[in-house]
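Step one of this worksheet: look at the structure below.
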Amino acid sequence: MSAFAESEAKETFVLNLGPQHPATHGVLRVKLTMDGEYIAEAEPVLGYIHRMHEKMGENRTWAQFLPNTGRMDYLHALAYNHGYVSVVERAAGIEVPERAEYLRVITAELNRVSSHLLWFGAFILDLGGFSPLLYAFDDREQILDLLESVTGSRLTYCYFRFGGVYNDIDDNFVPGTRAFIKRLRERMPMYHNLVTKNIILMKRLQEIGPISAEMCRKYGATGPVCRGSGINFDVRKHEPYSIYPEFDFDVPVYDQCDSMARYMVRMDEIEQSMRIIEQALDKLPEGPVMAEKVPKILKPAKGDYYHAVETARGSFGVRVVSDGSNTPYRLKLRSPTFSNLSLFGEACQGMLLPDALALMGSLDLVIPEIDR
Amino acid sequence: MNRAAIKQKMSAIGAGPVSETDYARKGFALDVQVAPEQLVAAVSVLDAEGFFIEAVTGVDWLGEQAALRKETEAKAAAEAKAKAEAAAAAGEEAPPAAVPAEQGELPEDVLEAVYDFNHYESLCRVTIRTKVVRSKPEVPTISRIYPGANWHERETHDFFGITFVGHPYLEPLLLPEDADYHPLLKDFRP
């Protein structure tokens, strides 16, 4: 049951949560004004790993910025690759071969599953359950091996290029991915039996951390946070990009607005991502993985361009302003967790501290992406 | 989302040109230019239509005015040259060289704040732009309409020094708390 403070805060003290705290996943600091065990006010303090990616973008060529995109959201780096190459392809009018788009979708969805698995383990760890983390990492390891064979790296991927992907897949990738999906399908019932149906987890999440649909709208929340509040918004369906319209998949939406709803959205998304990967593997066409005639020195036409993609945490948008030269004039990176976290201060008012941590975990924070 | 209705409401509040853009090419559907004092009214229109806020982007247009003048001058010079050549080819006496027009002071360069809004139900990304002079960059806050704009405005203030008038807490968000520089300005030197 959700417990909220009943009276006005009278005697308060300040509690510092972070920047080094296991529940803030990285270096986020939250300045909490506490009334006993209840939170009277919460102010997230950002910027501990701010690297000014936007300024870096203005100081290098369009292609040189590609490795930066993998270093913002290190859990779903390929979606960030995808957002950036898509906006530049839009600006420069580059066509991408079909096989490359399929490989982009397959790898990005595998990456999404790995991101959700890590979130799952870490979230349960926040709530005090240790062993699910080890199971989740075991599964995630399989994905990292698969992606390593294709992309050459295990975490900060830089696989997509303007006009295609860097490398074609090897012979083991397709059977390996199919075997992994079969394995994860068998493991999911175990996760649900051990964790989802666990009475302690239910008590910690159900009716805890309500975020209304209106609050999502006012703060610009996207991704599983808004889909846990009954808003059917997924960029892959809403403004279809790449070849997502060719696949049959559902967008899980729960309207309980609590932490449990956000948990269920992500667990269901794992299955949906696996459906997309299976269909893409079935239909994977032959052909080149790079467009011909992509200019070595890229000079997109003057003007500004926007492109959004769905990452594991929500809508990642890139707005580029080009002055027609070989470097971006302005590169704005709209990260989903920045907006999702901004509602935390309002959402956790009057909550018990441990409940607020459950709420924070259900937002799925990745700090390098907030700070950029 | 009814684009025509939004266009009509925007012109009702006196917003500048509202253009429909090619979504596939640009990534947004409506492009609205407003003066800073019309910003709150324009954002209220979108709020009433159920839009959510995506991002606030600052752009520094330093050197734009000088570049524009240079472009006009080059054009005028090219025209004069073409005229002279045409006259020479016709065997006429070359017309007297045009006296360069008296150049006044360059108008001041501007900072631009770009607001992106999107809708959960239908695909309609609306971009609102407003421009302010670099020496007095003041834009009214929209954080009373969209609390989510609070952080976006603080970030834009960090990087560009744009003052969001009426903002409840315009402290550095991503930069250190004592930062007195704005790194995304084009004349910023570390």
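The values are calculated or read from the model by the stated rules, or taken from the named source; none is laboratory data. All values derive from a computational prediction rather than experimental measurement. Virtual Cβ from ideal backbone geometry, glycine too; neighbours counted across all protein chains shown. Ligands, DNA and RNA are stripped out before the accessible areas are found, and what is left, the full protein with its side chains, is counted by its heavy atoms. Shrake-Rupley method; radii C 1.70, N 1.55, O 1.52, S 1.80 Å.
Here are some notes:
Yes/no per residue for (1) assigned to a loop (DSSP other than H, G, I, E, B); (2) at pLDDT below 90; (3) open to solvent by 10 Å² or more (accessible area, probe 1.4 Å):
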site: A:Asp304; (1), (2), (3): no, yes, yes
site: A:His307; (1), (2), (3): no, no, yes
site: A:Glu310; (1), (2), (3): no, no, no
site: A:Gly317; (1), (2), (3): no, no, no
site: A:Val320; (1), (2), (3): no, no, no
site: A:Gly324; (1), (2), (3): yes, yes, yes
site: A:Asn340; (1), (2), (3): no, no, no
site: A:Gln349; (1), (2), (3): yes, yes, yes
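- Residue in the range B:130-144 that is buried (at least 21 other Cβ atoms within 10 Å of the Cβ), in contact (Cβ under 8 Å) with a residue 24 or more places away in the chain and assigned to a helix (DSSP H, G or I) present: no
- Scanning the range A:51-73 for residues that are open to solvent by 40 Å² or more (accessible area, probe 1.4 Å) and in contact (Cβ under 8 Å) with a residue 24 or more places away in the chain gives A:Arg51, A:Asn59, A:Arg60, A:Thr61, A:Ala63, A:Pro67, A:Arg71.
- Tallying residues that are under 23 Å from A:Leu281 (Cα atoms) and buried (at least 24 other Cβ atoms within 10 Å of the Cβ) within the range A:84-95 yields 1.
- For the range A:345-364, a tally of residues being over 13 Å from A:Ile208 (Cα atoms) and within 14 Å of chain B (Cβ to nearest Cβ) returns 2.
- Condition check for A:Tyr244: open to solvent by less than 30 Å² (accessible area, probe 1.4 Å), more than 20 Å from A:Ala356 (Cβ to Cβ) and out of contact with any Ser or Thr (no Cβ under 7 Å at 6 or more places or on another chain): yes
- Here A:Leu118 meets the list (1) within 16 Å of the chain's Cα centre (by Cα); (2) open to solvent by less than 10 Å² (accessible area, probe 1.4 Å) almost entirely, failing just condition (2).
- Subset of the range A:223-250 that is at the interface with chain B (Cβ under 8 Å from one of its Cβ atoms) and part of a helix (DSSP H, G or I) - its residue that is farthest from the chain's Cα centre (by Cα): A:His238
- All conditions but one from (1) surrounded by fewer than 21 Cβ atoms within 10 Å (Cβ to Cβ); (2) within 17 Å of A:His82 (Cα to Cα) apply to A:Tyr159; the one that does not is (1).
- Scanning the range B:19-50 for residues that are under 21 Å from A:Arg217 (Cα atoms), within 14 Å of another protein chain (Cβ to nearest Cβ) and part of a helix (DSSP H, G or I) gives B:Val43, B:Ser44, B:Leu46, B:Asp47, B:Ala48.
- Positions within the range A:267-323 being among the aromatic types (Phe, Trp, Tyr) and at the interface with another protein chain (Cβ under 10 Å from one of its Cβ atoms), in sequence order: A:Tyr305, A:Tyr306
- Scanning the range B:32-47 for residues that are under 17 Å from B:Val110 (Cβ atoms) and open to solvent by 20 Å² or more (accessible area, probe 1.4 Å) turns up B:Gln33, B:Ala35, B:Pro36, B:Glu37, B:Gln38.
- Answer residue from the range A:207-222, given it is open to solvent by less than 20 Å² (accessible area, probe 1.4 Å) and more than 12 Å from every other protein chain (Cβ to nearest Cβ) and is nearest to A:His82 (Cα to Cα) among those: A:Ile211
- One residue stands out among those in the range A:1-22 that are more than 32 Å from the chain's Cα centre (by Cα) and loosely packed, with under 10 Cβ neighbours inside 10 Å: the one that is modelled with the highest pLDDT, which is A:Glu11.
- Annotation note: Cβ proximity below 6 Å between a residue of the range B:148-166 that is more than 9 Å from chain A (Cβ to nearest Cβ) and a residue that is open to solvent by less than 10 Å² (accessible area, probe 1.4 Å) and of a type in the set (Phe, Trp, Tyr) (sequence gap 6+ or interchain) occurs for B:Glu153/B:Phe164.
- Selection count where residues are open to solvent by less than 70 Å² (accessible area, probe 1.4 Å) and in a helix (DSSP H, G or I), scope the range A:126-137: 5
- Annotation note: Cβ proximity below 8 Å between a residue of the range A:294-307 that is acidic (Asp, Glu) and a residue that is open to solvent by 20 Å² or more (accessible area, probe 1.4 Å) (sequence gap 6+ or interchain) occurs for A:Asp304/B:Lys26.
- Of all the criteria given as (1) touching a residue at least 24 places away in the same chain (Cβ under 8 Å); (2) part of a loop (DSSP other than H, G, I, E, B); (3) away from every other protein chain (no Cβ under 11 Å), the one not satisfied by B:Glu105 is (1).
- Members of the range A:50-76 found to be closer than 14 Å to A:Cys158 by Cβ, in a helix (DSSP H, G or I) and of a type in the set (Gly, Ala, Ser), listed by number: A:Ala63
- For B:Arg189, the conditions (1) facing chain A (nearest Cβ under 9 Å); (2) within 30 Å of A:Arg29 (Cα to Cα) are fulfilled apart from (1).
- Of residues in the range B:117-146 being within 14 Å of chain A (Cβ to nearest Cβ) and in contact with a Leu (Cβ under 8 Å, 6 or more places away or on another chain), the one farthest from B:Pro190 (Cα to Cα): B:Cys124
- With respect to the stated conditions, B:Lys26 is without any contact (Cβ under 8 Å) to a residue 12 or more places away in the chain, surrounded by 14 or more Cβ atoms within 10 Å (Cβ to Cβ) and not aliphatic (A, V, I, L, M).
- B:Asp178 falls short on exactly one of the conditions (1) farther than 30 Å from A:Met215 by Cα; (2) exposed (fewer than 13 other Cβ atoms within 10 Å of the Cβ); (3) under 22 Å from the mean Cα position of the chain (by Cα), and that condition is (3).
- Filter result for the condition that a residue is more than 21 Å from A:Gly164 (Cα to Cα) and open to solvent by 10 Å² or more (accessible area, probe 1.4 Å), over A:Met260, A:Met267: A:Met260
- Top-ranked residue in the range A:170-206 [being outside any helix (DSSP H, G or I) and more than 24 Å from the chain's Cα centre (by Cα); ranked as surrounded by the most Cβ atoms within 10 Å (Cβ to Cβ)]: A:Asn198
- Residue among B:Gly16, B:Gly58 that alone is within 14 Å of the chain's Cα centre (by Cα) and away from every other protein chain (no Cβ under 14 Å): B:Gly16
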